[in-house]
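What follows is one structure encoded as structure tokens, with my remarks underneath.
The values are calculated or read from the model by the stated rules, or taken from the named source; none is laboratory data. Note that the structure is predicted; figures quoted are calculated from it, not measured. Cβ atoms come from the backbone with ideal geometry, glycine included; neighbour counts cover every protein chain shown. Surface areas here come from the heavy atoms of the whole protein model, side chains and all, with no ligands, DNA or RNA. Shrake-Rupley method; radii C 1.70, N 1.55, O 1.52, S 1.80 Å.
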Amino acid sequence: MRQTLVAGNWKLNGSKESIKELLAGILDGMSEAKTDVAVCAPYIYLPLVDELLSGSKIGYGSESISEHDSGAFTGEISGSMLKDFNCQYAIVGHSERRSLFGEKDADTANKFAAARKYGLTPILCVGELLEEREAGITEEVVSRQLDAVIALEGIAALSDAVIAYEPVWAIGTGKTASPEQAQEVHAFIRAKIAKRDTAVAEKVQILYGGSVNGGNADELFAMEDIDGGLIGGASLKAEDFLAICKAG
Ligand code: PEP
């Protein structure tokens, strides 16, 4: 039985004050959480998150990472810098990074490698656009996104990673994939990995992301291959986030 994980992705949101309030609220309700819990914060707030969460059971990390170690890469943040602030996770390949910032499968794979190099657990996001689902190529798209990482890092690397299946049409839209639709893709991902390595397939946590909330988390997390969620909008209010952490 895999442990479930609920990870928040705050995106471009928050302030010192709101983050203090949010984390105090989550810490307060943690005794009722049934899942492991983590938050991924904007880079600038990671020192604050580190200070507020050190010694707690809540994991934390970044929303992206540079593929480079150091050097002339203005504006970038490296894996060693994230480690300096005790991060455990780095999201890579989020659909917003892919669509708004032009990150390709190969960039995501390099970021995945950079996270592992510094002992961070990459949360690798994969998922299809609405037109790709409608064209019946969801599995092809998800396969291509996974293959870029497997080709660079090898199948065993997925055992130190978390995968998040996030259909792009469900992110921030209020439209959730049905538990059956999500399970179908999660099972496909696990079977694809199992063809290369059954132990890795059995171990890797596959989260679902896309408009998860307190009302739908239970039935999503009850599906065999769904091991928790990556949460955007509902991770910004302690009460909403905790309602999801109590599911599963
Ligand atoms: C996300 O951005 O990863 C996400 C799942 O967002 P939301 O929960 O708001 O759909």
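For the stretch 153-165, indicate whether the set of residues that are within 14 Å of the chain's Cα centre (by Cα), surrounded by fewer than 22 Cβ atoms within 10 Å (Cβ to Cβ) and in a helix (DSSP H, G or I) is non-empty. Yes: one or more hits. Where helices (runs of 4 or more DSSP H) fall entirely within the stretch 1-97, those with at least 3 residues that are under 24 Å from Leu220 (Cβ atoms) are at 16-29. Filter the stretch 34-64 for residues that are small (Gly, Ala, Ser) and open to solvent by less than 20 Å² (accessible area, probe 1.4 Å); which is farthest from Glu239 (Cα to Cα)? The residue in question is Ser64.
How many residues does the stretch 5-33 contain that are closer than 22 Å to Pro122 by Cα and surrounded by fewer than 20 Cβ atoms within 10 Å (Cβ to Cβ)? So the count comes out to 3. All of Asp105, Asp69 fail the test of being open to solvent by 40 Å² or more (accessible area, probe 1.4 Å), more than 16 Å from the ligand (Cβ to nearest atom) and among the acidic types (Asp, Glu), apart from Asp69. Whether a residue is aromatic (Phe, Trp, Tyr) and within 14 Å of the ligand (Cβ to nearest atom) was assessed, and Tyr89 passes this test. For Asn110, only one of the following conditions fails: (1) closer than 18 Å to Leu230 by Cα; (2) assigned to a helix (DSSP H, G or I). What is its number? Looking at each condition in turn, Asn110 falls short on (1).
Would you call Ala247 more than 11 Å from the ligand (Cβ to nearest atom), at pLDDT below 95 and outside any strand (DSSP E or B)? Yes: the conditions hold for Ala247.
Checked against the criteria, Tyr89 does not count as farther than 22 Å from Gly228 by Cα and open to solvent by 10 Å² or more (accessible area, probe 1.4 Å).
One line per residue, one yes/no per condition, for (1) within 16 Å of the ligand (Cβ to nearest atom); (2) closer than 19 Å to Val204 by Cα; (3) touching an Asp or Glu at 6+ places or on another chain (Cβ under 8 Å); (4) among the acidic types (Asp, Glu):
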{"position": "Ile137", "(1), (2), (3), (4)": "no, no, yes, no"}
{"position": "Val141", "(1), (2), (3), (4)": "no, no, yes, no"}
{"position": "Gln145", "(1), (2), (3), (4)": "yes, yes, yes, no"}
{"position": "Ile163", "(1), (2), (3), (4)": "yes, yes, no, no"}
{"position": "Val168", "(1), (2), (3), (4)": "yes, no, yes, no"}
{"position": "Lys175", "(1), (2), (3), (4)": "yes, no, no, no"}
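The set of residues in the stretch 216-225 that are charged (D, E, K, R) and open to solvent by 40 Å² or more (accessible area, probe 1.4 Å) comprises Asp218, Glu219, Glu224. Residues in the stretch 193-215 that are open to solvent by less than 20 Å² (accessible area, probe 1.4 Å) and either at pLDDT below 95 or within 12 Å of the ligand (Cβ to nearest atom) (or both): Leu207, Tyr208, Gly209, Gly210, Val212. Name the residue that is farthest from the ligand (Cβ to nearest atom), counting only residues in the stretch 226-240 that are surrounded by fewer than 20 Cβ atoms within 10 Å (Cβ to Cβ) and part of a loop (DSSP other than H, G, I, E, B). Ranking the candidates gives Lys237 first. Every residue in the stretch 118-152 that is in contact with a Gly (Cβ under 6 Å, 6 or more places away or on another chain) and surrounded by fewer than 19 Cβ atoms within 10 Å (Cβ to Cβ), please. Tyr118, the sole residue that qualifies.
A count restricted to the stretch 72-86 and to residues that are free of Cβ contacts under 8 Å to residues at least 12 places away in the same chain and surrounded by 13 or more Cβ atoms within 10 Å (Cβ to Cβ) stands at 3.
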